[in-house]
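The values are calculated or read from the model by the stated rules, or taken from the named source; none is laboratory data. Remember, it's a predicted structure, so these values are computed and weren't measured experimentally. Here Cβ is always computed from backbone atoms with ideal geometry, including for glycine, and neighbour counts include all displayed protein chains. The accessibility values were calculated without ligands, DNA or RNA, using every heavy atom of the protein model including side chains. Shrake-Rupley method; radii C 1.70, N 1.55, O 1.52, S 1.80 Å.
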Amino acid sequence: LLERRVFLWPCYRGQLAGLELVEALVEGYDDLAPLRGGKRHVRLSAAEALAIVPNLNPVGLLGAVTFDDWSVDPFALVDKNLEAACARGSQVITNSKVTRFLVEGDRIAGVVVAAVSNQETRLQGRVVVNATGPWAEPLACLAGAKSVRIQLRKGAHLIIKRQGLKQAVLFRDKTGRYMGIYPRGEELWVGPTD
């Protein structure tokens, strides 16, 4: 599920993170390259960066630094985990919402879920895991727990048709937040680096 991803980090005149600082940051990352099967960074001139990504804004472009990392297809990862769970006897129910918990003594023994059709299903097991992401806190509160705190962040990605870009590109938006353009199959994902 892993694929090597090459990033291009362009640097512009007037930015807080200039070319030398970005290269120094990436040099520290280079020390891990042998451990992760990666390659060392490459510093590019403005002309070399524009040759690789012609749509970069050339005004004030000082150059760029490339580095690599690994990425995982999140949808394929979820699908593989679900397949493995089903192969070991698990039941997968989608498009459903937990409406209440099944309690036996002092432990949660299961949940009741309602599908879109409002048909309820009881699910029980030796262990109940709350792996609901952004819904973890309200679900924990439904169970009577008060210790789960999730701070949601804006993390939406815009997905557009891929237009020739072969590597990921990091850039700063108008607020100064780092964003990325990530090629994924026939698509480009545009969104925050976090």
Nearest-0.05 FRET efficiency for Arg177 and Ala51, computed from C-beta distance (R0 41 Å): 0.90
Over the stretch 63-166, relative contact order from alpha-carbon pairs under 8 Å, at least 6 apart, %: 14 percent
Label corresponding to Rg and Dmax of the Cα atoms in Å when calculated from the structure given, among (1) 22.6, 69; (2) 17.2, 53; (3) 19.1, 68: (1)
Heavy atoms of Thr94 accessible to a 1.4 Å probe, total area in Å² rounded to 10: 90 Å²
Packing-based order for 63-73, 99-109, using average beta carbon neighbours within 10 Å, highest first: 63-73, 99-109
Nearest-ten-degree value, helix 19-30 long axis tilted from longest Cα axis of the chain: 50 degrees
Calculated FRET efficiency for the pair Arg162/Arg88, C-beta based, R₀ 45 Å, to 0.05: 0.80
Proximal lysine pairs, the stretch 73-194, alpha carbons under 29 Å, eight or more residues apart or interchain: 11
Dipole magnitude of the chain about its Cα centre (Cβ charges: Lys, Arg +1; Asp, Glu -1), debye to nearest 20: 400 debye
